[in-house]
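**Student:** Would you mind keeping the following structure in view while I ask a few things?
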Amino acid sequence: MSKIKFDFSKVEAHIEEIICAYKCGEAEPLDGDEVDILASIVKNYMNRHEGNLTDGEYEYKQKQEFTRARFLTVVRKDGI
C-alpha cells in the first residue's frame with residue numbers, strides 16, 4: 001500500500017467538536033481516564049463503520065464505555 005498525504009488539520013476541528021459534545025459544556029478538562037473512554041467510544045464507532053464489529057458487539061462495547069464515563073447523560077439518535 002502506498003502512502004497518501006493526510007492533512008490532519010482538517011480533522012482537528014472535528015475532534016474538538018467531539019470533545020466539546022462529550023463534555024456537555026463542562027469547563028473542567030478531561031482527565032486521562034476520560035480521554036481513554038472517549039477514545040474508546042470513537043474507536044468502537046470506527047470499528048463498526050469499517051466492519052470490524054457487528055452492531056451487537058458495538059452496542060455492548062458502547063454501553064460499557066458510557067457507564068464508565070463521568071458524563072452519564074447520553075442522548076443518541078440510534079437509541080443506544
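The values are calculated or read from the model by the stated rules, or taken from the named source; none is laboratory data. What you see is a predicted model, and the numbers here were worked out from it, not measured in a lab. Reconstructed Cβ throughout: ideal geometry from the backbone, glycine too, with neighbour counts over all protein chains shown.
**Student:** Give me a count of the residues in segment 1-30 that are among the hydrophobic types (A, V, I, L, M, F, W, C) and surrounded by 10 or more Cβ atoms within 10 Å (Cβ to Cβ). Steps first, please.
**Tutor:** The initial filter retains those residues of segment 1-30 that are among the hydrophobic types (A, V, I, L, M, F, W, C), namely 1, 4, 6, 8, 11, 13, 15, 18-21, 24, 27, 30.
Now drop any that are not surrounded by 10 or more Cβ atoms within 10 Å (Cβ to Cβ), which leaves 11, 15, 18-21, 24, 30.
Selection size over segment 1-30: 8.
**Student:** Based on what the data block shows, is Leu53 modelled with pLDDT of 95 or more and assigned to a loop (DSSP other than H, G, I, E, B)? Break it down stepwise before answering.
**Tutor:** Values: modelled with pLDDT of 95 or more: yes; assigned to a loop (DSSP other than H, G, I, E, B): yes.
Criteria met by Leu53.
**Student:** Within the bounds of segment 61-77, is there any residue that is exposed (fewer than 10 other Cβ atoms within 10 Å of the Cβ) and either under 12 Å from the mean Cα position of the chain (by Cα) or at pLDDT 90 or above (or both)?
**Tutor:** Quick first cut of segment 61-77, residues exposed (fewer than 10 other Cβ atoms within 10 Å of the Cβ) only: 72-73, 75-77.
Subset that is either under 12 Å from the mean Cα position of the chain (by Cα) or at pLDDT 90 or above (or both): none.
Scanning segment 61-77 turns up no residue that is exposed (fewer than 10 other Cβ atoms within 10 Å of the Cβ) and either under 12 Å from the mean Cα position of the chain (by Cα) or at pLDDT 90 or above (or both).
**Student:** Considering only residues that are farther than 17 Å from Arg68 by Cβ and of a type in the set (D, E, K, R), which ones fall in segment 8-27?
**Tutor:** Once the filter is applied, which keeps residues that are farther than 17 Å from Arg68 by Cβ and of a type in the set (D, E, K, R), segment 8-27 yields Lys10, Glu12, Glu16, Glu17.
**Student:** Now, a different point. Residue by residue through segment 34-58, note down the ones that are in contact (Cβ under 8 Å) with a residue 12 or more places away in the chain, surrounded by fewer than 16 Cβ atoms within 10 Å (Cβ to Cβ) and not aromatic (Phe, Trp, Tyr).
**Tutor:** So the first thing to find is which residues in segment 34-58 are in contact (Cβ under 8 Å) with a residue 12 or more places away in the chain, and the list is 34, 37-38, 40-42, 44-45, 58.
The next check asks that each one be surrounded by fewer than 16 Cβ atoms within 10 Å (Cβ to Cβ); those that pass are 42, 45.
Across segment 34-58, the qualifying residue is only Val42.
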